[in-house]
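**Student:** Got a structure for you, questions after.
The values are calculated or read from the model by the stated rules, or taken from the named source; none is laboratory data. Quantities reported herein were computed from a predicted structural model and do not represent experimental measurements. Positions of Cβ are backbone-derived with ideal geometry, glycine not excepted, and every protein chain shown enters the neighbour counts.
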Amino acid sequence: MLATRAIADQLAHKDAVKGRSLWADARTRFFRNKAAVGGLIVLLLVGLFAVIGPFVAPWDYEEIDWSVLGRVAEAGRPSLETGHWFGTDPLGRDLFARTVQGTQISLMVGIVGAFIAVIVGTFYGAVAGYFGGRVDNVMMRIVDVLMSIPYMFVLILLLVVFGRSMLMLFIGIGLVSWLDMARIARGQTLTLRNKEFVEAAVATGVGPFTIILRHIVPNLLGVVIVYATLLVPSMIIYESFISFLGLGVQEPLTSWGALISEGSGEMVNGTLWMLLVPLFFFVVTLFGFFFVGDGLRDALDPKDR
Amino acid sequence: MSNILMQVENLSVTFGIPRRGGWPWTPPDQLQAVSNASVILKEGETLGLVGESGSGKSTLARAIVGTVPVSGGRVLWKGKDMVGLSAAETRAHGRHVQMVFQDPLAALNPRMTVGQVVAEPLVTHFPDLSKSEVRDKVGAMMERVGLLPALVNRYPHEFSGGQCQRIGIARALITEPELVVCDEPVSALDVSVQAQVVNLLQDLQRDMGLSLLFIAHDLSVVRHISNRIAVMYLGRIVETAEAGELIANPRHPYTKALISSVPIPSPKAERARHRPVLEGELPSPLAPPSGCVFRTRCPIARPDCAEVRPELLEVANGHMVACPHHDDAANADQRPAESVN
C-alpha cells in the first residue's frame, strides 16, 4: 500500500515524458533500410561534389586550355598530370569543373521544381479538397486545363519567345511541376476531411485555414515528401532533355543534359569520357533519389508495403 | 435543473445525394436524415438519444454542434437562434458546445501531441493566454480526467482506447462548455473501460454543472447516465420521457421492441420473457413511408397510419409519444416483462 502510493507520487511528479512522434518512428524505419541509406549517402556525396568542387578544381569551367586545343583526343584525356581529372571537352575546357557546374545547375533545377510543387501543389490541393463542392470543381478544372497543355511544347515556346535564361527555365518548370502534386494532395485531403479529428476541430470553432495548416497539411506531408523525392529526378530529366535539345542553360554555363548532349556528339572521335562522366553523375543521382524515395515511402507508410 | 439551456424546434437536416450516372445539373436526391425533430435540454441535465443505426442520432447531434448544415427549424440556445449565425459567430459559439466522438483514436490528430490536442480549443478561444497558463490548465485537465500530466508530450498512438477517450473528454471540457455532445462515446470501448468512462463523465458533469447529450445504442448505458431519454426512428423522434419511466413504461411500439431487444444477463429470465421481434429492415430514408414511418414494421399498424404523420403528443407528465394508437389493446399486452436494470 505504502509502496504503491510512493510509486503513484513518483509518477505524478515526474517531468513530462518525451513522446515518440510518428516522424521519429519513420526516421528509425528509414535508417534501418540499407538501400535508402545508401541512396542518401550517394546524394550527399553528389551534393558535396557540387558544393566544394569549384574550390578544388585546378581549372575554371570557362577557361580554355590552349595546349590541348586541336588535339583533344590525345592531350585532353583524363589525367592527373595535366590537372584535367575528368579530361576536357571538345573546346579544351576542363570537364571536372564543367561537371561540377552542371551538377549545380541540374540539382538546383530539380530542387526548385520540387520545392515549388510542394509549396504550391500541397496548399492548392489541400484548399480544394477541404472546401470541396464548387470551389473544388473550379480549382481542379483549372489544373485539368493546365495539364492538358503539352508541357514540353510550352517550355520550348517560353524559351524561344523570351530567350534562353535560367529564370525562364525555372518559371517553365514551376508552372507545371505542381499540377500532379495538387491532385495528390487534394485526393488525400478528401479522405482526411472526413476524419473525426478534423470534425472535432470544426466543432471546436477552429477557422478553416488554421485547420488546413494544423490538421490537414501535417497529415499530407508523408505522401507529399515521398512524391517530392520522386519529382526531383523527373525535373532533372526534363531539364536534361531541354538542354539536350539545345534550349536549356546558356554557354558557358552547362548542365548534365547539355554535357551529355555534347559528349554524345563527340563519340565518333574516340573521346568517350565526355559522355561517360556526366552520364555517371546523372544516373547515380537519379538512382539515389529513387532509393531514398522508396525508403521514405516504406518508412512513412508502413502499412502500404 | 429548471432553466432550459437549449431548445431544438422542428429541426430538419437534408443531404443532397448526387444521382448516380446523372448530369452535373441533375437535381440530387434528397435524403432527410433528421425530420422535424424537437428536443428540449435543461441545464445540468443528461438527455439520452437512442435509436438503431441510421436513425439520425449522430446527424441531429452534429446539427446541434453546427458541423452539419440545418435545412429547417431552429436551435435555440438560451433563447437565441443558432441556425442563422455567421460562420465566425458559430465558431465563437463552439466554446459553449463541445463534442466527444465515437472512435477515440480517430478523433485525435496523429501528428499532434496530446498536450497540443487538449490545448487546441483553449488556444482557439482564448488566444491571449500565455504558454505557461495553457500548460497549467492542460495539466490540471489531464489530471481531472485521470491521466498523468507528465504524458502531455506523448502522441495519441501511444495510448489505449480508454485513455484516448479520456483525452477526447479533456479536450471537450477545457473551455468549460455548458453542453457536451457525446456521440456514442463508449461503444468502441470494452465493457470495463465503458464503465470507467461513463462514471468519469458523470463525475465531471456533477462537478462542472454540465449538460450532456448522450447518444448510444446501448440502452443500459443510456439508462445509467440519462435523466431523460429520446428515441429516434428514421430521423423522427418517436418518444421522449424520463429515463426510468421510458424504460419501465414504454408507449411507442418501436420503443417496446427496442427495450425488449436488450438482453437480460440471466438465461432463465431471458427465455421466459415475451419479446416482440421487429420484422424487416429500416426503410430507406431517401423514400420514407408515408404517414407514420414506422408503420411498415409496426405490430399494431392500421390502414390509417399511412395517411397522417403522427404528432409527438404528451400522454403523461413529461412523456411524449408519436403514436395515436399506443394505448390499443394489442399494443398494451406487448409490454415487456422485465425492464433493463
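**Student:** Can you report the number of residues in segment A:220-244 which are facing chain B (nearest Cβ under 10 Å) and either over 16 Å from A:Trp178 (Cα atoms) or not in a helix (DSSP H, G or I) (or both)?
**Tutor:** Here the count works out to 1.
**Student:** From the residues in segment B:194-243 that are under 19 Å from B:Ser58 (Cα atoms) and among the acidic types (Asp, Glu), which one is surrounded by the most Cβ atoms within 10 Å (Cβ to Cβ)?
**Tutor:** Within segment B:194-243, the match that is surrounded by the most Cβ atoms within 10 Å (Cβ to Cβ) is B:Glu239.
**Student:** Out of all the residues in segment A:245-285, which are buried (at least 17 other Cβ atoms within 10 Å of the Cβ), assigned to a helix (DSSP H, G or I) and of a type in the set (S, T, N, Q)?
**Tutor:** A:Ser261, A:Thr285, listed by residue number.
**Student:** Please give the number of the condition B:Ala33 fails out of (1) at pLDDT below 85; (2) surrounded by 20 or more Cβ atoms within 10 Å (Cβ to Cβ).
**Tutor:** So B:Ala33 meets the others, but not (1).
**Student:** Which number in (1) touching a His at 6+ places or on another chain (Cβ under 7 Å); (2) assigned to a helix (DSSP H, G or I) marks the one condition that B:Ile259 misses?
**Tutor:** The failed condition is (1).
**Student:** Another question, if that's okay. Could you look through segment A:191-219, keep only residues that are assigned to a loop (DSSP other than H, G, I, E, B) and at the interface with chain B (Cβ under 7 Å from one of its Cβ atoms), and pick out the one that is farthest from A:Val127 (Cα to Cα)?
**Tutor:** By that ranking, first place goes to A:Gly205.
**Student:** Could you tell me whether any residue of segment B:43-57 is farther than 30 Å from B:Gly161 by Cα, more than 11 Å from chain A (Cβ to nearest Cβ) and β-branched (Val, Ile, Thr)?
**Tutor:** No, because not a single residue in segment B:43-57 is farther than 30 Å from B:Gly161 by Cα, more than 11 Å from chain A (Cβ to nearest Cβ) and β-branched (Val, Ile, Thr).
**Student:** Evaluate the following for B:Arg144: is it away from chain A (no Cβ under 11 Å) and within 25 Å of B:Ser187 (Cβ to Cβ)?
**Tutor:** yes
**Student:** If you don't mind, another one. From the list A:Gly163, A:Gly248, pick out the single residue that is at pLDDT below 85 and touching an Asp or Glu at 6+ places or on another chain (Cβ under 8 Å).
**Tutor:** None of the others qualify; the one that does is A:Gly248.
**Student:** So which residues in segment B:244-283 are of a type in the set (Gly, Ala, Ser) and surrounded by 17 or more Cβ atoms within 10 Å (Cβ to Cβ), if there are any at all?
**Tutor:** B:Ala257, B:Ser260, listed by residue number.
**Student:** Hey, another quick one. Quick test of your reading of the structure: A:Ser177 fulfils all but one of (1) away from every other protein chain (no Cβ under 14 Å); (2) buried (at least 20 other Cβ atoms within 10 Å of the Cβ); (3) of a type outside the set (A, V, I, L, M, F, W, C); (4) under 30 Å from B:Thr113 (Cα atoms). Name the failing condition by number.
**Tutor:** In the conditions (1) away from every other protein chain (no Cβ under 14 Å); (2) buried (at least 20 other Cβ atoms within 10 Å of the Cβ); (3) of a type outside the set (A, V, I, L, M, F, W, C); (4) under 30 Å from B:Thr113 (Cα atoms), A:Ser177 misses (4) alone.
Let's see how each residue does on (1) under 30 Å from B:Leu76 (Cβ atoms); (2) within 8 Å of chain A (Cβ to nearest Cβ); (3) within 22 Å of the chain's Cα centre (by Cα):
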site	(1), (2), (3)
B:Ala88	yes, no, no
B:Arg95	yes, yes, yes
B:Ala107	yes, yes, yes
B:Pro110	no, yes, no
B:Gln116	no, no, no
B:Lys131	no, no, no
B:Val134	no, no, no
B:Lys137	no, no, no
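**Student:** Looking only at residues in segment B:59-80 that are within 12 Å of chain A (Cβ to nearest Cβ) and surrounded by fewer than 22 Cβ atoms within 10 Å (Cβ to Cβ), which one is farthest from the chain's Cα centre (by Cα)?
**Tutor:** B:Pro69
**Student:** Something else now. Can you tell which of B:Val181, B:Val117, B:Val186 is β-branched (Val, Ile, Thr) and part of a strand (DSSP E or B)?
**Tutor:** B:Val181
**Student:** Can you confirm whether segment B:169-177 contains a residue that is within 11 Å of chain A (Cβ to nearest Cβ), over 20 Å from B:Ile40 (Cα atoms), outside any helix (DSSP H, G or I) and touching a His at 6+ places or on another chain (Cβ under 8 Å)?
**Tutor:** Checking segment B:169-177: at least one residue is within 11 Å of chain A (Cβ to nearest Cβ), over 20 Å from B:Ile40 (Cα atoms), outside any helix (DSSP H, G or I) and touching a His at 6+ places or on another chain (Cβ under 8 Å).
**Student:** Considering only segment B:147-161, how many residues are in a helix (DSSP H, G or I) and either within 20 Å of A:Lys18 (Cβ to Cβ) or within 13 Å of another protein chain (Cβ to nearest Cβ) (or both)?
**Tutor:** The number of residues fulfilling the criteria is 6.
**Student:** Still on this structure, I have one more. Within segment A:153-174, how many residues turn out to be assigned to a helix (DSSP H, G or I), in contact (Cβ under 8 Å) with a residue 12 or more places away in the chain and surrounded by 14 or more Cβ atoms within 10 Å (Cβ to Cβ)?
**Tutor:** So the count comes out to 12.
**Student:** Can you name the number of the only condition in (1) assigned to a helix (DSSP H, G or I); (2) in contact with a Lys or Arg (Cβ under 8 Å, 6 or more places away or on another chain); (3) in contact (Cβ under 8 Å) with a residue 12 or more places away in the chain that A:Gly288 fails?
**Tutor:** (2)
**Student:** Look at B:Val70 and say whether it is touching a strand residue (DSSP E or B) at 6+ places or on another chain (Cβ under 8 Å), at pLDDT 85 or above and of a type outside the set (Gly, Ala, Ser).
**Tutor:** Here the answer is yes, as B:Val70 does meet what is asked.
**Student:** I would also like to ask the following. It is to be established whether one or more residues within segment B:280-299 are within 24 Å of the chain's Cα centre (by Cα) and outside any loop (DSSP other than H, G, I, E, B).
**Tutor:** Taking every residue of segment B:280-299 in turn, none turns out to be within 24 Å of the chain's Cα centre (by Cα) and outside any loop (DSSP other than H, G, I, E, B).
**Student:** For B:Val181, work out the one condition from (1) more than 14 Å from chain A (Cβ to nearest Cβ); (2) under 17 Å from the mean Cα position of the chain (by Cα) it doesn't fulfil.
**Tutor:** Condition (1) is where B:Val181 drops out.
**Student:** Moving on to the next point. Just checking, does segment B:124-147 include any residue being crowded, with 23+ Cβ neighbours inside 10 Å, touching a residue at least 60 places away in the same chain (Cβ under 8 Å) and either basic (Lys, Arg) or assigned by the TED database to the domain that holds B:Gly48 (or both)?
**Tutor:** There is no residue in segment B:124-147 that is crowded, with 23+ Cβ neighbours inside 10 Å, touching a residue at least 60 places away in the same chain (Cβ under 8 Å) and either basic (Lys, Arg) or assigned by the TED database to the domain that holds B:Gly48 (or both).
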